[in-house]
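The block underneath contains the structure these notes are about, expressed in structure tokens.
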Amino acid sequence: MKISELVRKNILSLKPYASARDEFSGEADIFLDANENSLAGKYKRYPDPLQRDLKKSVASFIGVKPEQLFLGNGSDEAIDLLYRVFCEPGQDSVLLFPPTYGMYAVSAEINNVRIINQPLTENFQLPAINSKAKLAFLCSPNNPTGNDLSRDGMIKFIREFPGIVAVDEAYIHFSDQPSLVSEIEKYPNLVVLQTFSKAIGMAGIRLGIAIANEELINFFNKVKPPYNVSALTQEAGLTALQDMGWFRNTVKDIKESRELLVKQLGSCPVVEQIYPSSANFHLVKVKGAKKVYKKLIEEGIVVRDRSGVLLCDECLRITVGTPKENQLLVNIMAQI
Ligand SMILES: *Cc1c(COP(=O)(O)O)cnc(C)c1O
């Protein structure tokens with residue numbers, strides 16, 4: 001498969017904006033090239049448009065080359081770029097597997113890309129696929145259901161699908177299933193999305209990651225705004241990856257709390273079913289989701305009501321919190 005044949009014609013021929021920091025990125029003593037305020041302090045300079053230092057660190061964290069990475073303003077920027085690079089508005093379509101993350105559909109609508117919905121099966125796995133599209137989003141572990149998609153099923157899909165396949169691994173660090181990052185060299189149409197927002201614990205800095213072959217990443221770089229990741233975010237991202245001990249411990253702790261919650265919530269009379277989770281949340285089927293949601297709010301606990309979502313009747317999505325927060329949740333749930 002040739003990636004360039006999937007790219008929109010106007011993007012193929014686009015001459016990207018060349019910023020001051022693109023044209024000169026070496027060492028110098030005096031920068032008079034970008035109209036910054038040279039009298040100012042720490043953040044007076046535009047940031048590195050390609051985030052080279054941060055990418056080195058992210059690349060070694062993930063086990064890929066820096067050239068195989070795109071960093072953006074959350075995964076949301078990568079999702080939007082996938083549409084803008086590959087999908088001709090009013091013409092191309094995207095294949096989605098609901099119930100799944102809402103941004104894929106919202107971003108499709110913003111970009112005027114037709115959505116083909118093929119619902120997941122009853123146990124939240126990929127259905128038999130009979131649709132062609134330019135782009136498809138798989139989410140594993142899936143939000144809001146929490147389960148992994150079967151690895152063999154995803155690989156088969158990536159092999160057979162005639163377009164770009166984005167596999168959203170926002171929750172992969174909480175899963176026992178290995179990442180598909182190891183497959184990016186084998187499948188040029190595969191883009192893996194990860195994020196600093198979940199296991200890495202940095203939702204506030206807005207830092208999303210797309211991992212793919214270098215040719216595809218270069219199209220992202222061509223289309224993205226020149227300074228899409230701020231200096232503050234680049235700094236905080238680098239700091240976050242310095243403490244791998246903390247990262248491993250926090251993931252282990254959250255997985256333990258997740259399993260404890262299965263036992264504790266499972267013994268609450270109001271709980272009908274807890275779906276298997278490879279993420280840091282549970283999809284929980286309760287007797288009367290709206291009522292339970294309201295009761296929890298009254299007690300100061302906010303969960304996500306997913307009862308209006310396909311295949312999620314009477315379901316709440318509950319994030320694993322601190323041990324104390326989890327205990328308070330369980331205490332209230334036990335009384336309902
Ligand atoms: C939380 C989440 C993200 C993260 O999005 P950011 O923009 O990086 O914060 C991405 N995908 C899914 C499925 C999520 O649940």
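Numbers for the structure displayed
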item: Cleavage-rule hits (trypsin sites (Lys or Arg not before Pro)) in the range 47-142: DSSP loop, at most 13 neighbouring Cβ within 10 angstrom; result: Lys132
item: The chain: relative contact order in percent, alpha carbon pairs under 8 Å with at least 6 residues between; result: 17 percent
item: Built amide H within the under 5 Å cut-off of Asp168, gap 5+; result: Leu138, Cys139, Ser140, Leu193
item: Under DSSP loop assignment and at most 16 Cβ neighbours within 10 Å, longest GluC sites (Glu not before Pro)-free interval of the chain; result: 186-298
item: Farthest positive-ward along the chain dipole, Cα basis, beta-carbon charges - from Leu296, Ile129, Asn143; result: Leu296
item: Extension gain (nm, one decimal) between Ile301 and Leu241, 0.36 nm per residue minus Cα-Cα; result: 18.5 nm
item: Tilt relative to the chain, helix 231-240 - C-alpha long axis, 0 to 90 degrees, to 10; result: 50 degrees
item: For the range 281-336: lysine pairs under 20 Å (alpha-carbon distance), excluding those fewer than 8 apart on one chain; result: 4
item: Net charge dipole size for the range 1-89 [Lys, Arg +1 and Asp, Glu -1 on Cβ; Debye, nearest 20]; result: 180 debye
item: Lys15 paired with Asp176, simple spin-label distance in nm, labels 7 Å along Cα-to-beta-carbon; result: 5.7 nm
item: Gain upon complete extension [Glu215, Asp33; 0.36 nm per residue less C-alpha separation]; result: 62.6 nm
item: Inter-centroid distance (Cα atoms) of the range 225-288 relative to the range 59-122, Å; result: 22 Å
item: Cys with no candidate disulfide partner in the chain (beta-carbon separation under 4.7 Å rule); result: Cys87, Cys139, Cys268
item: Using θ = phi - 60° and Karplus 6.51 cos²θ - 1.76 cosθ + 1.60, couplings along the range 277-287 (whole Hz; Gly, Pro as x); result: 10, 10, 10, 9, 8, 10, 8, 10, 8, 10, 7
item: Ranked list, fewest to most other Cβ atoms within 10 Å of each Cβ, for Thr195, Thr121; result: Thr121, Thr195
item: Under Karplus coefficients 6.51, -1.76 and 1.60, residue-wise ³J(HN,Hα) of the range 212-226 in Hz, glycine/proline x; result: 6, 5, 4, 4, 5, 4, 4, 5, 4, 4, 5, 9, 5, x, x
item: Gaussian network model of the chain, springs between alpha carbon atoms under 10 Å - residue of Ser131, Ser197, Ser278 with greatest fluctuation; result: Ser131
item: Separation in nanometres of the label points that stand 7 Å from Cα toward Cβ, at Thr121 and Ala40; result: 5.6 nm
item: Average projection area in nm² (convex hull over Cα atoms of the range 81-211, one quarter of hull surface); result: 7.7 nm²
item: Choice from Gly245, Gly146, Gly288 with maximal GNM fluctuation in the chain (Cα, 10 Å cutoff); result: Gly245
item: Phi to ³J(HN,Hα) by Karplus 6.51 cos²θ - 1.76 cosθ + 1.60 over the range 257-269, Hz, x for Gly, Pro; result: 4, 4, 6, 4, 4, 4, 5, 5, 5, x, 8, 7, x
item: Calculated on alpha-carbon atoms, Rg and Dmax of the chain in Å; result: 21.5, 69
item: Test item: Cα-centred dipole of the chain, Lys/Arg +1 and Asp/Glu -1 on Cβ, debye; result: 540 debye
item: Signed unit charges on C-beta, dipole axis of the range 19-125, positive-most listed residue Tyr43, Gly90, Ser19; result: Tyr43
item: Reachable lysines from Lys9, criterion Cα separation under 22 angstrom, eight or more residues apart if same chain; result: Lys132, Lys134, Lys222, Lys224
item: GNM top mover of Leu50, Leu311, Leu260 - the chain, alpha-carbon springs below 10 Å; result: Leu260
item: Debye, to nearest 20: dipole size of the range 64-191, +1 on Lys, Arg Cβ, -1 on Asp, Glu Cβ; result: 320 debye
item: Positive-end residue of Ala236, Leu310, Leu328, charge dipole of the range 215-336 with Cβ unit charges; result: Leu310
item: Least to most buried among His282, His173 (fewest other Cβ within 10 Å first); result: His173, His282
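Every number here is computed from the coordinates shown, using simple stated rules; none is lab data. None of these values were measured; they are calculated from a predicted model. Reconstructed Cβ throughout: ideal geometry from the backbone, glycine too, with neighbour counts over all protein chains shown.
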